[in-house]
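Step one of this worksheet: look at the structure below.
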Amino acid sequence: MSILSNHFPECLPPPEALSPQEREAYEAAHAAVAVAPEPRRPARPRPQRSVRLLSRSNGLYELPAAALVQIDMVSTGPRIGTRTDSFRYSVLPIRSDVGGRAFEVTRQDTGDNYHVLLHGRESTCECKGFLRHGHCKHVDGLQTLVSRGKL
Ligand SMILES: [Zn+2]
């Protein structure tokens, strides 16, 4: 039985004690044990987002104005080419009890609706994206419109 069939590599003599053939086998065996690093998938480019105010109703008395907002996400990738996903929301300013500005955002095609608070680092949204990543297109999009004086 060859010494190389031993299942306990730590029992093997040091490579210097082996014949050239055995040494080659030893090194091949050990090279195979070395774990090749996982090939890193190239980072997928983040979608380019843009947001625009489509329309805005006039506020009635003390009620704040509602707005219609579109967020476009432009993704590029080898399989999809360039794809634009557009999301339209009606945006209703609501009262915030904790400072900052709050909005009820309703996606027009699905009716999904989220409460968004813009309050600097305390900003939040109820969508899955925000819960998972701590940021989302709703917070970022509305913040952009607010900073442009559009909301
Ligand atoms: Zn969100």
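What follows draws every value from the coordinates through simple rules; no lab data is involved. Worth saying up front: this structure is predicted, and the values here are computed from it rather than measured. Using ideal geometry, Cβ is built from the backbone for each residue, glycine included, and neighbour counts are taken over all protein chains shown.
Within the range 99-134, count every residue that is away from the ligand (no atom under 11 Å from the Cβ) and either within 21 Å of the chain's Cα centre (by Cα) or farther than 19 Å from residue 151 by Cα (or both). Break it down stepwise before answering.
Kept after step one, since they are away from the ligand (no atom under 11 Å from the Cβ), are these residues of the range 99-134: 99-102, 104, 106, 108-111, 118-122.
From the residues that got through so far, the ones that are either within 21 Å of the chain's Cα centre (by Cα) or farther than 19 Å from residue 151 by Cα (or both) too are 109-111, 118, 120-122.
Matching residues across the range 99-134 total 7.
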For the range 132-151, pairs from a residue that is without any contact (Cβ under 8 Å) to a residue 60 or more places away in the chain to a residue that is assigned to a helix (DSSP H, G or I) and surrounded by 14 or more Cβ atoms within 10 Å (Cβ to Cβ), with Cβ under 6 Å and 6 or more apart or across chains, are 136/129; 136/130
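More than 11 Å from the ligand (Cβ to nearest atom) and charged (D, E, K, R): does that describe residue 140? I'd like the intermediate steps shown before the answer.
Values: more than 11 Å from the ligand (Cβ to nearest atom): no; charged (D, E, K, R): yes.
Spelling it out, it is not the case that residue 140 is more than 11 Å from the ligand (Cβ to nearest atom) and charged (D, E, K, R).
Out of the residues in the range 71-121 meeting the condition of being of a type in the set (Gly, Ala, Ser) and in contact with a Lys or Arg (Cβ under 7 Å, 6 or more places away or on another chain), tell me which one is surrounded by the fewest Cβ atoms within 10 Å (Cβ to Cβ). Quick ask: steps written out before the conclusion?
Restricting attention to the range 71-121, the residues satisfying the condition of being of a type in the set (Gly, Ala, Ser) are 75, 77, 81, 86, 90, 96, 99-100, 102, 111, 120.
Narrowing further to those that are in contact with a Lys or Arg (Cβ under 7 Å, 6 or more places away or on another chain): 75, 77, 102.
Values: 75: 16, 77: 11, 102: 19.
Looking at residues that are of a type in the set (Gly, Ala, Ser) and in contact with a Lys or Arg (Cβ under 7 Å, 6 or more places away or on another chain), I get 77.
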Qualifying positions in the range 109-141 - of a type in the set (Val, Ile, Thr) and in a loop (DSSP other than H, G, I, E, B): 110
When you go through 76, 106, 144 one by one, which is the residue that is under 17 Å from residue 54 (Cβ atoms), among the β-branched types (Val, Ile, Thr) and part of a strand (DSSP E or B)? 106
Every pair of residues 6+ apart whose Cβ atoms lie under 6 Å, when the first sits in the range 74-98 and is more than 23 Å from residue 123 (Cβ to Cβ) while the second is surrounded by 11 or more Cβ atoms within 10 Å (Cβ to Cβ) and among the small types (Gly, Ala, Ser): 83/75
